[in-house]
Amino acid sequence: MGRRPAIVDLSFPIREGMAVFPSHWHPRVEVVRLARHSVERRESRRLVLGTHTGTHVDAPRHFVPGGPTIDAFPLELMLGPARVVDLSFAKPRAEVGLGRLRKAAGPSGVRPRTLLRFGWSRRYGRADYFPGAPYLSLEACGWLADRGVRLLGLDTPSVDSHAHGRGSPCDAQNHRLLLGRGLFLVEALNNLVRLRREVVELAVLPLNVRNADGAPARCLAW
């Protein structure tokens, strides 16, 4: 029999007090034990978390009024081959333009499932994790959508620059373009640096929350 392929967990575990995007619409994570083996002879917990906690999937509804919700995430996108594009050359706060993205993708190009590896998950928990992350230009995002990408994952906390937040003239412009084109985004992936092949098998499994704009997800690659 052949060797079973190594499975890489691409998601951050949900835990009490984990780092979340600094805004009032991303609640602080709580994991509270309600039942104990020593008293109730069982364990249970209450979870308080937002739809964009840790490794998560953005559905179009996140920025598109009336757009598809996470429970409409196409099942055929959840499992299958994904192209890994290495963008680890990007410096903190740097914009990766179309030319550099196309060069990194090379002749193999991109696939309907594409993962962008910045190597940024190593900074998770550091002060610069959210404000310092590199990002794509609007033109580069349009190119990905034009090339048929339907599921875009990346190991930065957002597809947008931290500076392009609420109140900015460029407020979430990459989110709005990609989600407006019907893509689903997987943000804050972990361990993409452990993927050594250009194409991997990918599983993205968000919580099936009815009518939600997104959900935390368990993501695996092999």
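No lab work stands behind these numbers, since they all come straight from the coordinates. Remember, it's a predicted structure, so these values are computed and weren't measured experimentally. Please note: Cβ atoms are built from the backbone with ideal geometry, for glycine as well, and neighbour counts cover all protein chains shown.
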Are there trypsin sites (Lys or Arg not before Pro) in region 40-88 that DSSP puts in a loop and that have at most 11 other Cβ atoms within 10 Å, and which ones? Arg41, Arg42
Out of the DSSP beta bridges found with both residues in the chain, what percent are antiparallel (nearest 5)? 65
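Are there trypsin sites (Lys or Arg not before Pro) in region 114-155 that DSSP puts in a loop and that have at most 12 other Cβ atoms within 10 Å, and which ones? It would help to have the intermediate numbers written out before the result.
Working: sites: Arg117, Arg122, Arg123, Arg126, Arg147, Arg150; in loops: Arg126, Arg147, Arg150.
Within region 114-155, the qualifying trypsin sites (Lys or Arg not before Pro) (loop, at most 12 other Cβ atoms within 10 Å) are Arg126.
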For the residue pair Glu201 and Ala145, what label-to-label distance in nm results when each label sits 7 Å from Cα along the Cα-to-beta-carbon direction? 3.2
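Determine the shape class of region 66-158: with a ≥ b ≥ c the square roots of the Cα gyration tensor eigenvalues, call it rounded for a/c under 1.5, and otherwise prolate if a/b is greater than b/c, oblate otherwise.
Working: a/c = 1.76, a/b = 1.25, b/c = 1.40.
The shape class here is oblate.
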Region 17-125: GluC sites (Glu not before Pro) in DSSP coil with no more than 14 other Cβ atoms inside 10 Å: Glu40, Glu43
Can you tell me how region 51-221 classifies by the Cα gyration tensor, rounded, prolate or oblate, using a/c under 1.5 as the rounded cut? rounded
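For Asp128 and Asn208 in one chain, what is 0.36 nm times their gap in residues minus the Cα-Cα distance, to one decimal in nm?
Details: separation 80, 0.36 × 80 = 28.80 nm, distance 3.11 nm.
25.7 nm is the gain from fully extending Asp128 to Asn208.
Quick one, what does Rg over Rh come out to for region 1-109 if you take C-alpha atoms and the Kirkwood Rh?
Values: Rg = 19.9 Å, Rh = 18.7 Å.
We get a ratio of 1.07 for region 1-109.
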Helical contribution to [θ] at 222 nm, DSSP H n ≥ 4, -39,500 (n - 2.57), averaged over the chain, rounded to 500: -3500 deg cm²/dmol
Amide H neighbours of His56 at under 5 Å, excluding residues fewer than 5 places away on the same chain, with H built from the backbone geometry, are Glu187, Ala217
In region 52-74, whose amide N lies under 20 Å from the spot 7 Å out along Cα-to-Cβ of Asp9? List them in ranges. 52-57
